[in-house]
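Novice: Quick one: the structure is below, questions incoming.
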Amino acid sequence: MYYNGIYHLFYQYNPKGAVWGNIVWAHSVSEDLINWKKVEHAIYPSKPFDQYGCWSGSATILPGNKPVILYTGIIDKNNTQVQNYAVPANLSDPYLREWIKPDNNPLVVADESVNKTAFRDPTTAWLGQDGHWRISLGGRRKRRGIAFLYRSRDFVHWVKAKHALHTSAGTGNWECPDFYPVSVSGKNGLDTSSLGSDVKHVMKVSLDVTRYEYYTFGTYDTKRDRYIPDENMIDGWNGLRYDYGNFYASKSFFDPRKNRRILWGWANESDTTENDVKKGWAGIQLIPRTIVMDPNGKQLLQWPVEELDTLRRDQVKLSNKELVKGQMVEIKGITAEQADVEVSFSFDSLEKAEPFDPSWDRYDAQKLCSQNDSTVEGGLGPFGLVTLASENLEEYTPVFFRVFKAQDKQLVLLCSDASRSTLQNGTSKTGVNAYRPSFAGFVDVDLTEKKISLRSLIDNSVVESFGAGGKTCITSRVYPTLATYSNAHLFVFNNGTEPIKIDSLNAWSMSKPLHMNH
C-alpha cells in the first residue's frame, strides 16, 4: 500500500529458515519502490485466532486516511482458516512499525457451507454505491474455484453474500484473488472502488493446482453483486496469465501518488530445497509492474515501474544491424549478469513463417517451445536474446520469438527457456529435480508493420521478459554455475532463415539498490 508518502510491502516470511512454515507478515518500507528498508514484522502468531500462522491478505485505506490490514489466521492443527484485522498502533509513525490485533477478531468465520481449510486471502476492500464495504475471499467447493463475497457497513460486522462474486468449475482451489477496476481507454490506474461506463473489472486468481495465475476482465454487475467475464474470455487453465513463468501470489494496489495501478508478484525458487537451505534464503519479489488495459481491449499490458530506470548505468547501443541465420552478436560493455535490455526487431517478410500444425495444442505454448527451442532452426525465428550465457555457451537462457502461420493469421510465440541454463545436475539427495522448464506464451501482436520488441531484466538468478510492450511476460529463475558475475555474457541472435534486423538495441548495467536493514 501507499500511505503518507511511503510504500509499504508486507510479505509472507519464515524468520526461521529458507523453507515454508512459521509464517509471519514481514514489513519493508520505501519512498521509491526501489530502495527498501526492513522494519519490524507487522503481524505474527500471538493470539488464539492466528496462533498457527498469519497467512496472506490485503490492506485497505479507510476514510479518514486510516489503513487496516485483513489477513487469514490459522487457528488449529487442521488448518482451519478465519479472517482477522490489524491496525497501526501509531498513525504518526511514518513507517507504521507496530500493528495491533484487536480482541474482537476474528471478523469472518466460515459457515457450514464453506470448506474451512480453503478459505483465505481477503482482497483489498471496495466501497459499493450503497455505502457498504465488500471483500472477496478465495476458496473451493470440491473442484469448483470460488471467490466468496462478504459485505459490511462498518468494516467489523461482515455478512456472506448469498451468491459468490464469481466461480468457475474444474479449476480447483482459488488463492490470492484480486478484483479491481481498469480504465478501458486511459493510461491511469483506478482506485479499487471506482465504477463507471469507461471501466472494466479484472478478476485474477492464483490456481493452487497449476501454480500459475489467470485473469479475465468483464463487467461488475453492482445490482446483483456478481462479476461476469466478457464473452471472449477463457475462465480457467487456458485463460490469460499475468506471466507465463515463475510468478505467483501477486497483488495489485492503487498508487495515488502517480495515479497508477501497480502489480507485484512473487517468484519462488526453482532450485532444490537443499540448495535453498544452503543459500539461506528462498523466494524473491519481482520488479513492480504498472498494469493498464491494452488499447486493443483484449488483454492487460504490464511494464516495469519507471523508477527502475534510476538504476541504469553504462548504456550500450546498437542499431540497423542485420542478423542472418545462425548469427550471434555479443553485447559488450555492460554487466551482463545484472542488466536491462530493450530491443526492437524488424523483418522484411512473413513468408517464411512456419506452418502451425493443426494437431498442436493452441493453448500449450510451453510444450511447443520445448519442442522448438532456440537451437531448432526455423523460418521467421527463433530470434531474440541469449542471457546469462557462459563464454562457450555451455550454459545460457535464451528469450526469443518464433512466428507461425495459422489458417487465418500469424501466431507469435515468446519463449524463455531454462533447459540449458545450468550445468548443475539438479537432483537433490531425495531425488527431486531442479525445475528447468521452457516457459512460453503466445503474443497477441499485429505484425502488419513487421516489427516486434522485447525487454529483459536480468539479475543473476532471474530473467524477467516483456514481449511486445508488455503483452506477454515471462519470468524464469535460473542458477548458472559458469555464467555468474563477470563471467556472464549477453548475445542477440537469429536462428531462422529470414534475416532479422535490429532496429535499435539499448542495454544498461543495473546498479544495486540500497537495502537498508533495521
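Novice: Could you give me the ³J(HN,Hα) list for the range 344-360, computed from phi with Karplus coefficients 6.51, -1.76, 1.60 and θ = phi - 60°, whole Hz, x at Gly and Pro?
Specialist: Per-residue couplings from phi come out as 10, 9, 9, 8, 8, 8, 9, 4, 8, 4, 6, x, 8, 5, x, 7, 6 Hz.
Novice: Determine the share of the range 61-166's accessible area contributed by carbon and sulfur atoms, expressed in whole percent, with a 1.4 angstrom probe.
Specialist: Roughly 51 percent, rounded to a whole number.
Novice: Would you mind calculating the gained length between residue 109 and residue 258 on full extension (0.36 nm times residue separation, minus the Cα-Cα distance), in nm to one decimal?
Specialist: Taking residue 109 through residue 258 to full extension adds about 50.0 nm, to one decimal.
Novice: Measure off, as a whole percent, the carbon and sulfur share of the 1.4 Å-probe accessible area of the range 266-313, all protein chains present.
Specialist: Details: 1150 of 2110 Å².
With neighbouring chains kept in place, the figure for the range 266-313 is 54 percent.
Novice: Once the piece of chain linking residue 221 and residue 342 is laid out straight, how much longer is it, given 0.36 nm per residue of separation minus the C-alpha distance between them?
Specialist: Between residue 221 and residue 342, full extension yields an extra 39.5 nm.
Novice: For the range 65-76, in order, what is each residue's ³J(HN,Hα) by Karplus, 6.51 cos²θ - 1.76 cosθ + 1.60 with θ = phi - 60°, in whole Hz (x at glycine and Pro)?
Specialist: 6, 10, x, 9, 9, 9, 8, 8, x, 9, 9, 7
Novice: Have a look at 263, 343, 54 and report the one farthest towards the positive end of the charge dipole of the chain, computed about the Cα centre with Cβ charges (Lys/Arg +1, Asp/Glu -1).
Specialist: Most positive-ward Cα: 54.
Novice: Quick one: accessible area per residue over the range 1-141, 1.4 Å probe, rounded to a whole number of Å²?
Specialist: 42
Novice: Which cysteines does the chain leave without a neighbouring Cys Cβ under 4.7 Å?
Specialist: 54, 176, 473
Novice: Based on the Cβ-Cβ distance from residue 66 to residue 32, what FRET efficiency comes out when R0 is 25 Å, to the nearest 0.05?
Specialist: Between residue 66 and residue 32 the formula returns 0.55.
Novice: Only sites in a loop by DSSP and with at most 14 other Cβ atoms within 10 Å count here; which chymotrypsin sites (Phe, Trp or Tyr not before Pro) in the range 259-339 make the cut?
Specialist: Numbers: sites: 264, 266, 281; in loops: 281.
Answer in residue order: 281.
Novice: Hey, rough spin-label estimate for residue 234 and residue 361, points 7 angstrom out along Cα→Cβ, what's it come to in nanometres?
Specialist: For the pair residue 234/residue 361, the computed spacing is 1.0 nm.
Novice: Further question: Give me the net charge for the shell around residue 23: Cβ to Cβ below 11 angstrom, other residues only, Lys and Arg +1, Asp and Glu -1.
Specialist: On the way: positive: 16; negative: 50.
In short, 0.
Novice: Further question: Per residue, how large is the accessible surface of the range 309-425? Use a 1.4 angstrom probe and give square angstrom.
Specialist: On a per-residue basis, 46 Å².
Novice: Still on this model: Grab the Cα-Cα distance for residue 93 and residue 159, subtract it from 0.36 nm times how many residues apart they are, and report the gain in nm with one decimal. Write down the numbers at each step before the final one.
Specialist: Details: separation 66, 0.36 × 66 = 23.76 nm, distance 3.30 nm.
Between residue 93 and residue 159, full extension yields an extra 20.5 nm.
Novice: Still on this structure: Please report, as a whole percent, how much of the solvent-accessible surface of the range 174-227 comes from carbon and sulfur atoms (probe radius 1.4 Å).
Specialist: Of all accessible area on the range 174-227, carbon and sulfur atoms account for 47 percent.
Novice: Pairs 37/204; 77/204; 187/471; 325/501; 142/251; 451/471: which are spaced more than 19 Å apart, C-alpha to C-alpha?
Specialist: Those over the limit are 37/204; 77/204; 142/251.
Novice: Once R0 is set to 22 Å, what does the formula 1/(1 + (r/R0)^6) return for the Cβ-Cβ distance between residue 327 and residue 451, expressed as a FRET efficiency to the nearest 0.05?
Specialist: E between residue 327 and residue 451, to the nearest 0.05, is 0.70.
Novice: If you don't mind, another one. From Cα coordinates alone, what are the radius of gyration and Dmax values for the chain in angstrom?
Specialist: 23.2, 69
Novice: Here's a follow-up. Rolling a 1.4 angstrom probe over the protein heavy atoms, how many square angstrom per residue are accessible across the range 170-260? Don't skip to the answer; put the middle values down first.
Specialist: Details: 3620 Å² over 91 residues.
Value for the range 170-260: 40 Å² per residue.
Novice: Something else: With r defined as the distance between the Cβ atoms of residue 185 and residue 78 and R0 fixed at 41 Å, what FRET efficiency is calculated, to the nearest 0.05? List each step's numbers first, then the result.
Specialist: On the way: r = 49 Å, r/R0 = 1.19.
Approximately 0.25, to the nearest 0.05.
Novice: Report relative contact order for the chain in percent, whole number only (criteria: Cα-Cα under 8 Å, sequence separation at least 6).
Specialist: Over the chain, the number comes to 13 percent.
Novice: Oh, and also: I want to check the label-to-label distance for residue 433 and residue 312. Put each point 7 Å from Cα in the C-beta direction and report it in nm to one decimal.
Specialist: It is 3.9 nm.
Novice: Further question: Give me the net charge for the shell around residue 249: Cβ to Cβ below 13 angstrom, other residues only, Lys and Arg +1, Asp and Glu -1.
Specialist: Value of the local net charge: -2.
The values are calculated or read from the model by the stated rules, or taken from the named source; none is laboratory data. In this text the structure is predicted, and so the values were computed from the model without any measurement. As a convention, Cβ positions derive from the backbone with ideal geometry for all residues, glycine included, and neighbour counts pool all protein chains shown. Surface areas here come from the heavy atoms of the whole protein model, side chains and all, with no ligands, DNA or RNA. Shrake-Rupley method; radii C 1.70, N 1.55, O 1.52, S 1.80 Å.
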